[in-house]
Amino acid sequence: MAPPGTDTVTRSGSGSTLRPVIGTALVAALGGLLFGYDTGVISGALLTIESDFGLSAFGSGVVVSSILVGAMAGAAAAGNLADRYGRRPVLVAAAGVFTLGAALAALAPSAAVLTVARLVLGLGIGTASNLVPVFIAEAAPPRHRGRLVGLNQLMITLGIVLAYVANYGLEHATHGWRWMFGLAAVPALLFGAGMLAMPESPRWLALRGRTDRARAVLARLRGGDTAAVEAELAAMTAGHDDRTAGAGKGRWRALAGRAVRPAIVAGVGLQILGQASGVNTVIYYAPKIFQSSGLGSSSAVLATVGVGLVNLLMTPVGMVAVDRIGRKKLLATGASVMTLALAGLAVTLAAGGRDSSFAWLAVAFVVLFIAAVATTLNVVVFIIPSELYPLRIRGTAMSATMFANWTMNFLVSLTFLTLLDVLGGAATFTAYAVVCALLTLFTVRCIPETRGKSLEEIERDLTRG
């Protein structure tokens, strides 16, 4: 039986009472903007970095991939720190890391220093990718949680577009790549200042037995709706002793427990298959993909900006859909469209080679792929794990999840150009299409539906099997 007040909690969070939590989510989602900007900026900066530092192909790969290594480390460490010390202070620290990394990259005197700067930026990205969705999910009312957590993805796509625009605008500036990196310090400082003004997660406070403080934070987030606050707090603290028993002890071992295994399989499996679909190869290597289809250099860069805009504009569509039709159906539909788009791209590349008459058809399939990704996979990839994991190990479980995400991201990015050279575009994208088909099957079989449920209801349902 659900705790008293659960239904009230589920219906709460409409009208003016949403304003405080939207503001909180927007501030936290600045971490997503930094994530997107620092991920996307390298595509344009690398062109002049290679000439300034005389980088080989291997050296360029090291500079590009170093941010992913940092992200793996940041994702692995952030969750345990957040479970121990709270979500807010770790996110404030991440803002400082972003600022340091941006300054170091802008002033880098050598490729080695730039690589270190990218590692530092990766630590910030890994931390943000782990904790921003958790922070928003723990603050949001159930009815609107999907779209509020989706703000993180919207800001990621906005950050990527801003990076592409900065790349285009500073392409011919003297040492323009330094400005490209340095500009990220501005939103990093805003993120830090904003998080200092934010309250701690009410659920983390409740887990630590700080019920009065949790009540005060909920009152702030729910716009003073006392009934909603008391109902949500009652649901949050029901079974409090069971959830807090052993909090802070043996979190990594707890991930192997039978009760949480379905959630871990769903969350981690989603990251592995999502990244193995090749989605980030389009973000990192879009100009090369378009050049391989027959487009000239300038047209390829312009088409890449278009891809970024499609990614940005389609993300709000997914944010609306995720709370209306549910996570599972949305993802299954999107993965099916991704499969068809990549299969179409593979056929086009096989038929056209470097014939420019086929180039824009290839661009159309890439746009369809990105539109499907933006409205489905990219929206739910952070929402689903942030909802599934039990509160007492949520941060640590997200660390394992995002470590899997960034590790697969690194492996796919590292191997993409080699696959493109050895197998050709048609075979490479056929392989990615097969992975998208597997993602569709995995979604149907392993992803539970969480739409409209409180985090406590989801935890209780999964624990009971």
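Selection of segment 383-404 for residues being of a type outside the set (A, V, I, L, M) and open to solvent by 10 Å² or more (accessible area, probe 1.4 Å) yields P390, R392, F403.
Is it the case, given these coordinates, that T333 is polar (S, T, N, Q), closer than 20 Å to L162 by Cα, part of a helix (DSSP H, G or I) and modelled with pLDDT of 90 or more? Show your work before the answer.
Details: polar (S, T, N, Q): yes; closer than 20 Å to L162 by Cα: no; part of a helix (DSSP H, G or I): yes; modelled with pLDDT of 90 or more: yes.
Considered against the rule, which asks whether it is polar (S, T, N, Q), closer than 20 Å to L162 by Cα, part of a helix (DSSP H, G or I) and modelled with pLDDT of 90 or more, T333 comes out as no.
Can you find a residue that is in a helix (DSSP H, G or I), modelled with pLDDT of 65 or more and within 30 Å of V21 (Cβ to Cβ) anywhere in segment 254-262? Yes; the residues of segment 254-262 include at least one that is in a helix (DSSP H, G or I), modelled with pLDDT of 65 or more and within 30 Å of V21 (Cβ to Cβ).
In the set T333, T315, which member is under 30 Å from M398 (Cα atoms), among the hydroxyl-bearing types (S, T, Y) and open to solvent by 60 Å² or more (accessible area, probe 1.4 Å)?
Result: T333 is the single residue among T333, T315 that is under 30 Å from M398 (Cα atoms), among the hydroxyl-bearing types (S, T, Y) and open to solvent by 60 Å² or more (accessible area, probe 1.4 Å).
Looking at segment 368-381, is at least one residue surrounded by fewer than 19 Cβ atoms within 10 Å (Cβ to Cβ) and either touching a strand residue (DSSP E or B) at 6+ places or on another chain (Cβ under 8 Å) or modelled with pLDDT of 85 or more (or both)? Yes, segment 368-381 has at least one match.
Quick check on A105: is it crowded, with 24+ Cβ neighbours inside 10 Å, part of a helix (DSSP H, G or I), within 14 Å of the chain's Cα centre (by Cα) and in contact (Cβ under 8 Å) with a residue 40 or more places away in the chain?
Working: crowded, with 24+ Cβ neighbours inside 10 Å: yes; part of a helix (DSSP H, G or I): yes; within 14 Å of the chain's Cα centre (by Cα): no; in contact (Cβ under 8 Å) with a residue 40 or more places away in the chain: yes.
Taking the combined requirement at face value, the residue does not satisfy it.
Could you run through segment 168-222 and say how many residues are under 30 Å from L114 (Cα atoms), of a type in the set (S, T, Y) and in a helix (DSSP H, G or I)? So the answer is 1. Please determine whether any residue of segment 73-94 is surrounded by fewer than 19 Cβ atoms within 10 Å (Cβ to Cβ) and among the polar types (S, T, N, Q). Checked against the condition, which is being surrounded by fewer than 19 Cβ atoms within 10 Å (Cβ to Cβ) and among the polar types (S, T, N, Q), segment 73-94 yields at least one hit.
Residues that are out of contact with any Pro (no Cβ under 9 Å at 6 or more places or on another chain) and of a type in the set (K, R) within segment 62-101 comprise R84, R87, listed in sequence order.
Any idea which of L46, L81, L55 is outside any helix (DSSP H, G or I) and of a type in the set (A, V, I, L, M, F, W, C)? Unique residue meeting the criteria: L55. Pairing residues of segment 446-465 that are open to solvent by 70 Å² or more (accessible area, probe 1.4 Å) with residues that are modelled with pLDDT under 80 and not in a helix (DSSP H, G or I), at Cβ distances under 6 Å and at least 6 apart in sequence or on separate chains, gives T463/A259. Which residue pairs have Cβ atoms closer than 7 Å, lie 6 or more positions apart in sequence or on different chains, and pair a first residue in segment 76-95 that is within 16 Å of A397 (Cα to Cα) with a second residue that is surrounded by fewer than 17 Cβ atoms within 10 Å (Cβ to Cβ)? If the second residue must be surrounded by fewer than 17 Cβ atoms within 10 Å (Cβ to Cβ), the pairs left are D83/G248; R84/G248.
Residues checked against (1) in a helix (DSSP H, G or I); (2) under 21 Å from L81 (Cβ atoms):
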position: A400; (1), (2): yes, yes
position: F410; (1), (2): yes, no
position: F429; (1), (2): yes, no
position: A433; (1), (2): yes, no
position: L441; (1), (2): yes, no
position: K453; (1), (2): no, no
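Cβ-Cβ contacts under 9 Å between residues 6 or more apart (or on different chains), taken from a first residue in segment 167-187 that is in contact (Cβ under 8 Å) with a residue 40 or more places away in the chain and on the phi < 0 side of the Ramachandran plot to a second residue that is surrounded by fewer than 18 Cβ atoms within 10 Å (Cβ to Cβ) and of a type in the set (D, E), are listed as W177/D52. Kindly check whether there is at least one residue in segment 200-223 that is of a type in the set (A, V, I, L, M, F, W, C), within 17 Å of G23 (Cα to Cα) and under 25 Å from the mean Cα position of the chain (by Cα). Checked segment 200-223: at least one residue is of a type in the set (A, V, I, L, M, F, W, C), within 17 Å of G23 (Cα to Cα) and under 25 Å from the mean Cα position of the chain (by Cα). Within segment 310-340, the set of residues being of a type in the set (A, V, I, L, M, F, W, C) and farther than 17 Å from V379 by Cβ comprises just one member, L340.
Residues are listed down the side, and each one gets a yes or a no for (1) touching a Leu at 6+ places or on another chain (Cβ under 9 Å); (2) within 23 Å of D461 (Cβ to Cβ); (3) surrounded by fewer than 21 Cβ atoms within 10 Å (Cβ to Cβ); (4) not polar (S, T, N, Q):
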position: G326; (1), (2), (3), (4): no, yes, yes, yes
position: L340; (1), (2), (3), (4): yes, no, yes, yes
position: F416; (1), (2), (3), (4): no, no, yes, yes
position: L438; (1), (2), (3), (4): yes, no, yes, yes
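The values are calculated or read from the model by the stated rules, or taken from the named source; none is laboratory data. Everything numeric in this text was worked out from a predicted model, so none of it was measured. As a convention, Cβ positions derive from the backbone with ideal geometry for all residues, glycine included, and neighbour counts pool all protein chains shown. Just the protein is used for accessible areas: all its heavy atoms, side chains included, with ligands, DNA and RNA removed. Shrake-Rupley method; radii C 1.70, N 1.55, O 1.52, S 1.80 Å.
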